[in-house]
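Chemist: The structure's right below; bear with me while I get my questions together.
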Ligand code: AMP
Ligand code: ZN
C-alpha cells in the first residue's frame, strides 16, 4: 500500500534502523523508543492488524513469534524478561495500520493498561 509508512519502510523507500530481515518479515528500531530495547517486527505483507490474518497466514504468525524470540535472545533479554505487544485499533492505541509487534525490554516495564 503506497500510503502506508511501514510498506514504504519494507520497500526501502523510507530508511529505518534495520536489525533483521528475511523473506517474510523485517525488524527495525522504533523511532520513538519507549524502552532501552524497542524493536518492531513487521510482516512484509500489508495486513492492517491481527484482524486481517487469515488461515493462509498461520505460518506467518508462527514465524513472527519465532523471530521475536530470536531477537529477544540477540538483545540479551531472554534472562531478564521482556514484552511483546501488538496494538489493535483506536482503543488499542494503534497508530500505524500495518500489522506489527513491539519488542520492549532493557528495564523493568510498568503494569499493562
Ligand atoms: P502503534 O502505535 O502500536 O501502531 O506503533 C507504531 C510505532 O511505530 C510507534 O511506536 C512509532 O514510534 C513507530 N514508528 C512510526 N514511524 C516510524 C518510523 N518511520 N520508523 C520507526 N518507527 C516508527
Ligand atoms: Zn503497509
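The values are calculated or read from the model by the stated rules, or taken from the named source; none is laboratory data. Nothing here was measured: the structure is a model prediction, and the numbers come from that model. Every residue, glycine among them, receives a Cβ derived from its backbone with ideal geometry; neighbour counts consider all protein chains shown.
Chemist: Within segment 26-48, which residues are within 13 Å of ligand 2 (Cβ to nearest atom) and within 12 Å of the chain's Cα centre (by Cα)?
Modeler: Hits for segment 26-48 are 26, 40, 42, 43, 44.
Chemist: In this structure, is residue 60 assigned to a helix (DSSP H, G or I) and either within 16 Å of ligand 2 (Cβ to nearest atom) or surrounded by 16 or more Cβ atoms within 10 Å (Cβ to Cβ) (or both)?
Modeler: Judged against the criteria, residue 60 is a match.
Chemist: Please enumerate the residues belonging to segment 1-14 that are within 11 Å of ligand 1 (Cβ to nearest atom) and touching a strand residue (DSSP E or B) at 6+ places or on another chain (Cβ under 9 Å).
Modeler: Result: 6, 9.
Chemist: Are there any pairs, at least 6 apart or on different chains, whose C-beta atoms fall under 9 Å, with the first in segment 51-79 and farther than 16 Å from residue 25 by Cα and the second modelled with pLDDT of 95 or more and in a helix (DSSP H, G or I), and if so, which?
Modeler: Within 9 Å, the pairs are 51/89; 77/71; 78/69; 78/72.
Chemist: If you don't mind, there's one more thing I want to ask. Just the residues that are assigned to a loop (DSSP other than H, G, I, E, B) and surrounded by fewer than 12 Cβ atoms within 10 Å (Cβ to Cβ), please, taken from segment 36-57.
Modeler: 36, 54, listed by residue number.
Chemist: Right, next: Within segment 65-88, take every residue that is out of contact with any strand residue (DSSP E or B) (no Cβ under 6 Å at 6 or more places or on another chain) and within 16 Å of ligand 2 (Cβ to nearest atom) and give me the one that is nearest to residue 34 (Cα to Cα).
Modeler: Among those residues, the one meeting the criterion is 87.
Chemist: OK, next. Among what's in segment 95-113 and is in contact (Cβ under 8 Å) with a residue 60 or more places away in the chain and within 19 Å of residue 44 (Cβ to Cβ), pick the residue that is nearest to ligand 1 (Cβ to nearest atom).
Modeler: 96
Chemist: Tell me which residues, restricted to segment 17-35, are part of a loop (DSSP other than H, G, I, E, B), within 13 Å of ligand 1 (Cβ to nearest atom) and under 22 Å from residue 61 (Cβ atoms). Break it down into steps so the answer makes sense when it comes.
Modeler: Initial filter on segment 17-35 (part of a loop (DSSP other than H, G, I, E, B)): 17, 22-24, 30-35.
If we keep only those that are within 13 Å of ligand 1 (Cβ to nearest atom) as well, we get 17, 30-35.
Selection gives 30 alone.
Chemist: Hey, can you tell me all the residues within segment 80-94 that are without any contact (Cβ under 8 Å) to a residue 40 or more places away in the chain and touching a helix residue (DSSP H, G or I) at 6+ places or on another chain (Cβ under 8 Å)?
Modeler: Correct list: 84, 86, 88.
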